[in-house]
4 protein chains.
Amino acid sequence: MIIVLKRDATKADADGILADIERLGLTPLHMPGVERVVLGALGDERVLADLNLASHPAVESVKPILTPYKLVGRELHPHDSIVHIGGIPVGGRGFVTFVGHAANDAAESFASAIDTVQKNGAKILVVSRTNDRYSPYARGAQATDFAAALRLLAQNTRLPLVAEVQGIDEFEQWGSTLSGVHVSGHHMQDYALLRGLGQWRKPVILSRGSAASVEEFLMSAEAILAAGNPDVVLCESGIRTFETATRRTLDLSAVAWIKSQSHLPVVVDPIRASGRRELVVPLARAAAAAGADGVWVDVHRDPRTAHRDDRPALSPGEFSRLMGELRPFVEAAGRTL
Amino acid sequence: MIIVLKRDATKADADGILADIERLGLTPLHMPGVERVVLGALGDERVLADLNLASHPAVESVKPILTPYKLVGRELHPHDSIVHIGGIPVGGRGFVTFVGHAANDAAESFASAIDTVQKNGAKILVVSRTNDRYSPYARGAQATDFAAALRLLAQNTRLPLVAEVQGIDEFEQWGSTLSGVHVSGHHMQDYALLRGLGQWRKPVILSRGSAASVEEFLMSAEAILAAGNPDVVLCESGIRTFETATRRTLDLSAVAWIKSQSHLPVVVDPIRASGRRELVVPLARAAAAAGADGVWVDVHRDPRTAHRDDRPALSPGEFSRLMGELRPFVEAAGRTL
Amino acid sequence: MIIVLKRDATKADADGILADIERLGLTPLHMPGVERVVLGALGDERVLADLNLASHPAVESVKPILTPYKLVGRELHPHDSIVHIGGIPVGGRGFVTFVGHAANDAAESFASAIDTVQKNGAKILVVSRTNDRYSPYARGAQATDFAAALRLLAQNTRLPLVAEVQGIDEFEQWGSTLSGVHVSGHHMQDYALLRGLGQWRKPVILSRGSAASVEEFLMSAEAILAAGNPDVVLCESGIRTFETATRRTLDLSAVAWIKSQSHLPVVVDPIRASGRRELVVPLARAAAAAGADGVWVDVHRDPRTAHRDDRPALSPGEFSRLMGELRPFVEAAGRTL
Amino acid sequence: MIIVLKRDATKADADGILADIERLGLTPLHMPGVERVVLGALGDERVLADLNLASHPAVESVKPILTPYKLVGRELHPHDSIVHIGGIPVGGRGFVTFVGHAANDAAESFASAIDTVQKNGAKILVVSRTNDRYSPYARGAQATDFAAALRLLAQNTRLPLVAEVQGIDEFEQWGSTLSGVHVSGHHMQDYALLRGLGQWRKPVILSRGSAASVEEFLMSAEAILAAGNPDVVLCESGIRTFETATRRTLDLSAVAWIKSQSHLPVVVDPIRASGRRELVVPLARAAAAAGADGVWVDVHRDPRTAHRDDRPALSPGEFSRLMGELRPFVEAAGRTL
C-alpha cells in the first residue's frame, strides 16, 4: 500500500504512520519526494484496514497495490473452480443452462411445463421472488406464499432447485428442499446475508448489482468464501448506463475480465440485462463466446400472461429454439451444452 | 396510454385490445396511421397494468401519458407536505439538520457528544447500520448489537431518534423507541418493506438508491403512501456515474425537479454523495439553494477513528462550523436554520 | 406523434395545434381525457419538427410514435446492406477484419509489417490521428504530418486504405488515395462533417461516441444517408459507464439491437472499448457471436513503443493468433474469415 | 509514480526500469514485497511519459502519485485567477452572467433585445453554432453564415462578444471582433485546437464534455495553459448519466471540487445541463452557493420560435426575473451580481 502524505504533513506524522505499519507486521517504506512524502507498506494489505489511514489528517490519499480480493482471485488458485449444484457441475466443460421462474407467477402452470424444458436442455431451476416489479399498482406485486410455491415446484421437477434468499432466517424455512440459493443484485452487498451464506454452505449464485463495479462484485463473493463457503457462481445481468435502448447494458467485458482474474464460474442473464426477447439468442451466443460458463433465461408457460412489467420470459418453444441456436457457439468454445 | 401496434398487427388484434380497454372502464381510441395503427386508452392508466399490454404479441410499444405516481405528485396535492418527526416539522419554513451516526461506531463515545451537536443545531438523529463497508476484511464489518446501540443512544439524547430498518420484523423489536425509520438506498425498491412501512405509519426517510431514477424513487415513495402512510421524507444522496473524483454524483437537478413535481419534503446527504469532507459546506449550501428542506450529515466524536472506509464524518466542531457557513444560504432561501 | 397538453391548456390552444398539424398534411386527432387533453398527429412525423411543439407553452410533452430514422431502418429496407470498401464487401457473408494504425506512430516501421498482417487476414487498413492522447505532456501528442504518413502507407500496402477525417476540407487533400473515411466517436455528431460526407460519397466508417445513445448513433448515420451517401459502416467501440475495470463498457447488446433495427453493417472495436490486450480475443469472439460483421483491431510493429497511453495495440504475431482463435466463432455464425 | 511489476517479472526487468528512471533525472526506488516487486520514481512524473511504462511487458500497473495537471492546480498557484473578458473580470468578487445565443437563430431579432438583457445584468455575450440539433430533419440544421451573424451581433451590442470556435483557421476569420472564444464540450479534447488557443491568447471558455471526467476537463485546460495562454474559464454543463428526468446531470460536486483543486474560474450552464426551463432558477442559485463564479444562460427574444429541439432559452423577461431570484444567493456567497 502506498500512502501519499499531504504537503504540510510533518516528520512526526510520517514517523507515527511508519511505526503503525511496522507494529502490524508489514515492512514500512519512507520515500521523501520533491513535492510530497510518500510512505509504503509491504505485505498483506488487508491488516492495514485497522489503521483507517484514509481518515488520517496528514494523509492525502491511499493507493492499494494489490487486488483487495484473495480467495476468489487466480493468484493463489489458478485453476477454474467447479461448483456442483444438485450434482450439476458449473464451471467445467459443460455449458450450463439455468431456467428462471418467478414464484408467484403461475407456479402450478409452470410445473406442467418443466418436463419439456428439462428435455430441451435446462439443467437447474432458479425460483425468484416477484420484487422486481417497481410499482404499487403492478399486477402481482402483492406478496405471495413463496414457501408454498417452492414446495409445489419441488414436487413437480427433478431439476436441482435454487431459490432466491433475502435474509438469513429464510435458510431454515426452505433450506432443506434446495440445492442452492440465489442472491439477487439488489442484495449483492448485504454483508450480513453473505456471511450467513458463508456458514450455511449450500452453493450460491450471486448476481451483480446493476450499479456494482466488478471489484465490488468480487468482494461480495470474497465475503462468502471468507466465511467458509467456496461454492459461488457469479452472474452478470447488466449494469445501469445512459443507454435506454436496452433495459441495462450487458457487460460482457466484465465476464471476460472476471474469467481472467477469478477462478469462479460466471454465468450470464441476457434477459434481465437487455429486457428484450429478440436479443436473447445473440446475447446468449455472445456470452458463450466471451467465456461464460452458462446462461440463465427465464421461462414461462405462457409469457403473454407473465407478471413482469419490464422484462420478458421465453416460452418453452422459444427456449428449445434458443438451445439449438446456441449450440454451435458453445461447441466453438470447446464445450458441451 | 398510447399503444403502438406492430406493422403486421391485424384488425382483430386491435379490436381485442380496444375491447379490453373498454371493459376496464377506460375510453378506447383507434388511430389508424400511415405506417402503424395506434390505440389509445383515456382514463386512469393504473388499471391497465392488468392487461400487461407490453407482452402482447401484436404490440410494439406502450407509452404512458401521465406520470405513474399519483399520491406523491403535486397534481392532486399542490401544497408542500410537512412531515413531523418527533415533533420537528420537515418541509416547512425550517431547514432541518439530520445528524447521522453508525450504530456500531462507538455509540457510547458519540452519546457524550450529542448534547453539543444538538446545541449547534442538530434536529433529528438517524442511526445507521454498518453495512456500507464493502469488504470482508473491513474493520467493524462484523455484526453488532444494533438494538443495544439504539437503546444506549435513546437514553443519552433528547433528539428525535430515527433508525435504519431492513426488514418488517424489526419494527416490533425497536419500534417503540423510534420517532421514525430510515430506508437506505440499498433497500429503496424492497416493496415488501415499503408496504410494511405503509402500515406501520411512523415517518419514513427514504434514500434514493445510487442507481435509481427519479421516477423509480418517487414510485417507491408512492408505495408507502399507497399502503396508508403519508409521512415520507425523500433523501438524495448521489447517483453512480462515470465520474470518480467524488464517491457518487450529487444530483441537485433531481432535488429541484422533485420539488416541482412532488409535495414531499426532500433532504440532501452531501457526505454519502461526495465522500469528501471538504465538499460538505459548498454542497450543503447548494442543497439549500436548490430548494432542499434539510441536510443530513454524519457526525462522529473522533472522525479519525470512525469505522468507515469510503466516506468521512464531521467532528462536532466541524458540524458547528457547517451550521454557521450554511445559515446565510438558508436565509437567502427564506427559511430558518 | 402524441402531444400531451398541460392541465391548464385551453380549447384555443388545442385548436391552434390541430390546425397546424392539418396544415402540414398530417391527420390531426383530438383525445380529451379525464386529466389531460391529448392530441395526435398521424403521418410522417419528420415534418412536425417545424412546429417546435416541445417549446409551445400549452404543451407538456411530445411523444414520437415512430423511430426518428427512416433511411437506416429495416422497415423500408429489410435486407442487409453490403458496403464495398476498396472492393471488400462489408456486411455480407465474410467477417471483415479492419486493422487500425495511428498515423504518427512509426508509419515507416509499420509499413514493413503490413504484408504479414495482410497475409494473416487483415482486409482493410484504417489510419487514425493521434488525438486520443489526452495530456499536453504525452509523448507524441504534437501534430504530425498526417498527409505524409498516409502517402507512405499507401505506397507500402495493397490493403484498401481508410483514414480518419475531422473536417470537410480534408477530403480534397487526401481523398484521392482513400477507399473510405473514418469518423471517430468524438466527431460522431458533427453534422456539418456528416453532411459533407453524404455528398463526397466514399464509404464511411462511423464510430459511436462514448456518450452517444444507439438512437443518436443511428441518427448520425441517417444524416449521411439523407445527404446522399448510402455506404455507412457502424462501429461500436464502447460507452462510458461507472465501471473502471475496463476503459469503457463494450455494448454488444447495442450491436445485436442495431442489427435487428438497421440494415447497415456493424463492426466492433474491442481494444478501444476494453483498453486491455487480454480481452481482445474473448471480445472479438463475442462480437462475432452477437452478429457483428467484422472487428477492428489496432496493430503495431512493436506495441511496447506505441505512442498510446491508455489502449494497447497487438503485435503482428498477436494479430495472427487472434485470427486463429476467432475463426471457430465466425464459422459458428455461418460466415467466413 | 509507483510501478507494480508482474508476479513473474525478473530482477533484470526491475533493474532496467530503475536505470531508465534515473536516466530521466528522477529518484528510483526499489520495494521488494511479499507478492510483488514495486518500484517508485520520485520527482516530476511528467517526464516519465516517455518511458511508456504501462506498455512494458513486466509491468502490471502504474499509479501516479501526484495530479497530472500542474499549471491549473492550486499547489503552485494557490490564489484564484481572474480572467478578463472584454474588460469584465471573471473569477473575482463579481458573479458574472454570460448570455448565450445560437448564431443562426434570428440574430437580427435578438440584436434588438440585447440592450434590455444588458440592462438586466448580462455581462458577456456568447454566440454558439447550431450543431447541437441532432437530426438531419431538424429545422435550422443547415449551415448558416456564422461570420455574418457575428458581425450583425457585434454591431448591435456593447457586450463583450465570445464566439464558439471549432478549428484553428477560424481564429483568423473572426478573431478581430471577439473578446474571447468558446470551446464546446464536443471539442473539449481536440488537442490541436487547444494548442492553437494556447498560442492565440484570447480568453477561452472551455465547456466540459458530457462524458468527460473532472481530471480530463482539467487536463484540457492544462493544455491551453501549457501552450502559453493563462486565461481559461471552465464551464460545467452537465454529464451524461442514467437519469432521464433531466437532459444531463448537473455536477455541482465537480464545481466545488474544481474550485478546491484549481485556481481557474468556473461557471455553470444550468440549461444545457437540465434541459428544463423550470430548473434554471434553482440550479443557478445552487451554482452560486456551490462556489461558481458565474452562470451561462441562453436567451432568445421569442423562445417559442427558437431553433432548438432539446433545450429551452429564456425570454428577456425570464432572464430579468432570474437575476432577481439569484441575487440573494450571490450575496450570501459574499459576491455581487
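Things worth noting here:
- Of the residues C:Val268, C:Asn156, C:Ile88, the one whose Cα sits farthest toward the positive end of the charge dipole of chain C, with +1 on the Cβ of Lys and Arg and -1 on the Cβ of Asp and Glu, is C:Asn156.
- For chain C, built as a Gaussian network whose Cα springs stay under 10 Å, the top-fluctuating residue of C:Ala226, C:Ala212, C:Ala49: C:Ala49
- The range D:1-61 and the range A:243-266 have Cα centres separated by 31 Å.
- Averaged over its residues, chain D has an accessible area of 34 Å² per residue, based on protein heavy atoms and a 1.4 Å probe.
- Overall form of the range B:179-337 per C-alpha gyration tensor (a/c, 1.5; a/b vs b/c): prolate
- Within the range A:284-301, the residues that become at least 20 Å² less accessible when every protein chain is included than when their own chain is isolated (1.4 Å probe; DNA, RNA and ligands ignored) are A:Ala286, A:Ala289, A:Ala290.
- Computed from backbone phi with θ = phi - 60° and the Karplus coefficients 6.51, -1.76 and 1.60, the 3J(HN,Hα) list for the range D:206-211 is 10, 8, 6, x, 6, 10 Hz; x is used for glycine and proline.
- Among residues other than D:Leu337 with Cβ under 10 Å from its Cβ, the summed charge is +2 (Lys and Arg +1, Asp and Glu -1).
- DSSP beta bridges in the protein assembly as shown [antiparallel fraction, %, rounded to 5]: 40 percent
- Mean-position separation - Cα centroids, the range C:72-91 and the range B:187-224, in angstrom: 48 Å
- By accessible area, using a 1.4 Å probe on protein heavy atoms only, chain A has 50% of its surface on carbon and sulfur.
- Around the amide H of B:His182, modelled in the peptide plane, lie the amide H atoms of B:Ala163, B:Glu164, B:Val165, B:Ile205, all under 5 Å away and 5 or more residues distant in sequence or on another chain.
- Sequence of D:Ile168, B:Ile3 when ordered by accessible area, the most exposed leading, probe 1.4 angstrom: D:Ile168, B:Ile3
- Chains C and D, summed buried accessible surface - 1.4 Å probe, Å², nearest 100: 3300 Å²
- Size of charge dipole - the protein assembly as shown - debye, nearest 20, with Cβ of Lys, Arg +1 and Asp, Glu -1, no other charges: 0 debye
- Shape of the protein assembly as shown, Cα gyration tensor, a/c cut at 1.5: rounded
- For chain C, DSSP calls about 40 percent of its internal beta bridges antiparallel.
- Percent of Cα pairs exceeding the 17 Å cut-off, where the set is the range A:35-76: 39 percent
- List A:Lys119, B:Lys70, ordered by accessible area with a 1.4 Å probe, largest first: A:Lys119, B:Lys70
- The other copies place their D:Ala54 label points at 2.3, 3.6, 3.9 nm from this one, listed shortest first, where each point is 7 Å from Cα along Cα→Cβ.
- Assuming charge only on the beta carbon of Lys and Arg (+1) and of Asp and Glu (-1), the dipole of the range B:137-256 about its Cα centre is about 340 debye to the nearest 20.
- Count Lys and Arg as plus one, Asp and Glu as minus one, and take only other residues whose Cβ is under 11 Å from that of C:Arg7; the net charge is then -1.
- Look at the Cα gyration tensor of the range C:227-319: its axes a ≥ b ≥ c give a/c of at least 1.5 with a/b over b/c, and that counts as prolate.
- Projected onto their three principal axes, the Cα atoms of chain D cover extents of 74, 43, 39 Å, largest first.
- Local electrostatic count at D:Val183 - Lys and Arg +1, Asp and Glu -1, tallied over other residues with Cβ under 11 Å: -1
- Placing a label point 7 Å from Cα along the Cα-to-Cβ axis, C:Glu216 is separated from the same position in the other copies by 1.2, 2.1, 2.4 nm, shortest listed first.
- Each copy carries D:Thr177; placing its label point 7 Å along the C-beta direction from Cα gives inter-copy distances of 3.8, 7.3, 7.9 nm, listed from smallest up.
- By the helix-only formula, in which each DSSP H run with n ≥ 4 contributes -39500 (n - 2.57) and the sum is divided by residues, the protein assembly as shown has a 222 nm mean residue ellipticity of -9000 deg cm²/dmol.
- Gaussian network model of chain C, Cα within-10 Å springs - most flexible of C:Ala288, C:Ala19, C:Ala256: C:Ala19
- For the range B:23-126, the share of alpha carbon pairs falling in successive 5 Å distance bins from zero is 2, 8, 13, 12, 10, 7, 6, 7, 8, 8, 8, 6, 3, 2, 0 percent.
- Among A:Val37, A:Val181, A:Val255, the largest mean-square fluctuation in a Gaussian network model of chain A, built with springs joining Cα atoms closer than 10 Å, belongs to A:Val37.
The values are calculated or read from the model by the stated rules, or taken from the named source; none is laboratory data. The shown structure was predicted, so the numbers you read here are calculated from the model rather than taken from an experiment. So basically every Cβ, Gly included, is an ideal-geometry build from the backbone, and we count neighbours across all protein chains shown. These accessible areas exclude ligands, DNA and RNA; they are computed on the full protein's heavy atoms, side chains included. Shrake-Rupley method; radii C 1.70, N 1.55, O 1.52, S 1.80 Å.
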